[in-house]
C-alpha cells in the first residue's frame, strides 16, 4: 500500500517545489517508487506529458527527480492566468474553460473528484506519493471548497509538513502565525515543520526552532540551507527567471506580462557561451545583443500591445537594421508576423491586430489546443532535437516556405530571406546540446563545445538531495508518511 506525505508552505515561494524534488530523489535512491503530486497549480510554464496533456513544469521536474515519466495525474488542476482576473483551467491535462477568478470558487467542488481520481491512480503505482501544496493554508479566506492545501489533505487523509522561508525574514511569524489562524482540525494535520533557505550558520537559529516548536507543538525536522545550484534547475514561476551573466553571446529577452513556457531560456542561461538578459518594462532592448528572443505568451495579443507600449517594437526594428538576429517561439513567433486574428474571441474580444511585420506570415488563433511531444531536425545543421508544442493557433504565409525545422514529417517555422529572423512553435529545442552549440555558433559563439544541459540538471538534483540528506532528518520525515 502506498504512503503519502504533503509539503505545504507558510507562504508562496518558500521552496516547496524544490523540496519535493529533492525528497523525491532522496527517496528514489532508497529504492522507493516515488510519485510527485500537486492537486492544483498556477503557472503559465507548463510541460507536455507522455500521455498527451499538460502539467506544471515543477511537477515534470519532480517526476524527473523521482525517475518517472511525467503524467497528467501528477497535476490534475492547472490554472494558467490569461488576465489579472481570469485564467484558463486545465483538468487532467486538458483545457476545460477560461473562468474569472470570482467564478472559480463555484467550479472547485466539481474538480475535487478529478483530483482524488488522479491521486488514487498515482498511489496505485507508487510506494510513496509526495504531495505539494499551493500558496499557504493560512489563506483561510480560501478554505471553503479548497482543493490545493488542507481541503485536499482532509479528503485524502494525508499528514502535512509545513515549510517556512527564513530568507525573506519573519519565519517565526510565518509558522506560528499559520498555527494561530488555522482551525483546530487543520492545525492537527500538521505533524512537523522545517525552515528553508537559511544563509550562514544554522546553529544561530536553534533558539528560533525551539520557539516555533514550543508555540505550535509541531516537531522540528531541521533547517535547510540556501541551495545555490537552484539556478541550474528549470524555473516554474516568472519571479524565478533572472538575467544570467556569462559568455560573450548576449541574448536579450523582453519580459512579457504573460510570458509562458520560458523553459526555453534554461539551457541558454546555463551555457557558458551565453549571457541572458531579461529586459524589464521601462527599459530599452540592449543595442549590442546578438539575439533578441521573443518568448511564449499566454495572451499573445495583450503581450504584443505591452511590447509596443514599452517601445520595444522600435528597439527591435533598430536591432534588425544593425544586423541582429531575432527568434520568436510560439507566441513570440505569432507576434513577428503581419497579423494575428482572433475570430472566436479566445484571448478577448473577437478581432485582429497588426503584428510586428518582421516575418511574412499571419496567425489565426483557434479554440483547439495542440499538445505534442515532438522530434525534429534542424535543416541547416542536420542535427536532431526534441521538444514540445503547446499552442492554440495556426500560422501560414510566404515565409513558411523557408521552414527551418523538419517536425514529425512536416516543415515547421518560418524565416526571413536572409535567415536572421526566425520563428517556430517548438519549445524546448535548446535542451539539445549539439543543436544549441550549432545555433550559438551562427551567432558568433567562439566554440566552447557542447555542454550537457541534461547532465547539469541531474547533477543539481543529486546535489539538492545530498543537501537535504545532510541537513534534515529524512528518515524521520519519510516515516511521517501515512498509508492511503
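The values are calculated or read from the model by the stated rules, or taken from the named source; none is laboratory data. Worth saying up front: this structure is predicted, and the values here are computed from it rather than measured. As a convention, Cβ positions derive from the backbone with ideal geometry for all residues, glycine included, and neighbour counts pool all protein chains shown.
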Among the listed residues 469, 458, which satisfies the condition of being touching a helix residue (DSSP H, G or I) at 6+ places or on another chain (Cβ under 7 Å) and assigned to a helix (DSSP H, G or I)?
469
The residue from 266, 288, 315 that alone is buried (at least 18 other Cβ atoms within 10 Å of the Cβ) and over 17 Å from residue 359 (Cα atoms) is 266
If we keep just the residues of the stretch 65-90 that are modelled with pLDDT of 90 or more and over 17 Å from the mean Cα position of the chain (by Cα), which is nearest to residue 454 (Cα to Cα)?
67
Considering only residues that are surrounded by fewer than 18 Cβ atoms within 10 Å (Cβ to Cβ) and touching a helix residue (DSSP H, G or I) at 6+ places or on another chain (Cβ under 7 Å), look in the stretch 104-142 and name the one that is farthest from residue 193 (Cα to Cα).
121
Among 477, 383, which is the only one that is in contact with a helix residue (DSSP H, G or I) (Cβ under 8 Å, 6 or more places away or on another chain), in the same structural domain as residue 258 (by TED's automatic domain parsing) and farther than 21 Å from residue 294 by Cα?
383
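Each row is one residue, and each column tells you yes or no for (1) part of a loop (DSSP other than H, G, I, E, B); (2) within 21 Å of residue 478 (Cα to Cα).
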position	(1), (2)
131	no, yes
135	yes, no
176	no, no
192	no, yes
Residue check for residue 308: in a loop (DSSP other than H, G, I, E, B) and out of contact with any strand residue (DSSP E or B) (no Cβ under 8 Å at 6 or more places or on another chain):
no
Matching entry among 272, 234 (being out of contact with any helix residue (DSSP H, G or I) (no Cβ under 9 Å at 6 or more places or on another chain), part of a loop (DSSP other than H, G, I, E, B) and in contact (Cβ under 8 Å) with a residue 60 or more places away in the chain)
272
Of (1) at pLDDT 95 or above; (2) surrounded by 18 or more Cβ atoms within 10 Å (Cβ to Cβ); (3) in contact with a helix residue (DSSP H, G or I) (Cβ under 6 Å, 6 or more places away or on another chain), residue 353 satisfies all except one. Which?
(2)
All but one of (1) surrounded by 14 or more Cβ atoms within 10 Å (Cβ to Cβ); (2) out of contact with any strand residue (DSSP E or B) (no Cβ under 7 Å at 6 or more places or on another chain); (3) modelled with pLDDT under 95 hold for residue 469; state the number of the condition that does not hold.
(3)
Within the stretch 143-156, restricting to residues that are out of contact with any strand residue (DSSP E or B) (no Cβ under 7 Å at 6 or more places or on another chain) and assigned to a loop (DSSP other than H, G, I, E, B), the one that is surrounded by the fewest Cβ atoms within 10 Å (Cβ to Cβ) is 144
So which of 387, 337, 397 ends up being in contact (Cβ under 8 Å) with a residue 40 or more places away in the chain and surrounded by fewer than 22 Cβ atoms within 10 Å (Cβ to Cβ)?
397
How many of the residues making up the stretch 440-455 are in a helix (DSSP H, G or I), closer than 26 Å to residue 57 by Cβ and free of Cβ contacts under 8 Å to residues at least 40 places away in the same chain?
2
Can residue 323 be described as closer than 24 Å to residue 437 by Cα and touching a helix residue (DSSP H, G or I) at 6+ places or on another chain (Cβ under 6 Å)?
no
Answer from 352, 318 - the residue that is more than 16 Å from residue 297 (Cβ to Cβ) and in a helix (DSSP H, G or I)
318
When (1) surrounded by fewer than 22 Cβ atoms within 10 Å (Cβ to Cβ); (2) part of a loop (DSSP other than H, G, I, E, B); (3) in contact with a helix residue (DSSP H, G or I) (Cβ under 6 Å, 6 or more places away or on another chain) are applied to residue 200, the one that fails is (3)
Breaking point among (1) touching a strand residue (DSSP E or B) at 6+ places or on another chain (Cβ under 7 Å); (2) surrounded by fewer than 24 Cβ atoms within 10 Å (Cβ to Cβ), for residue 77
(2)
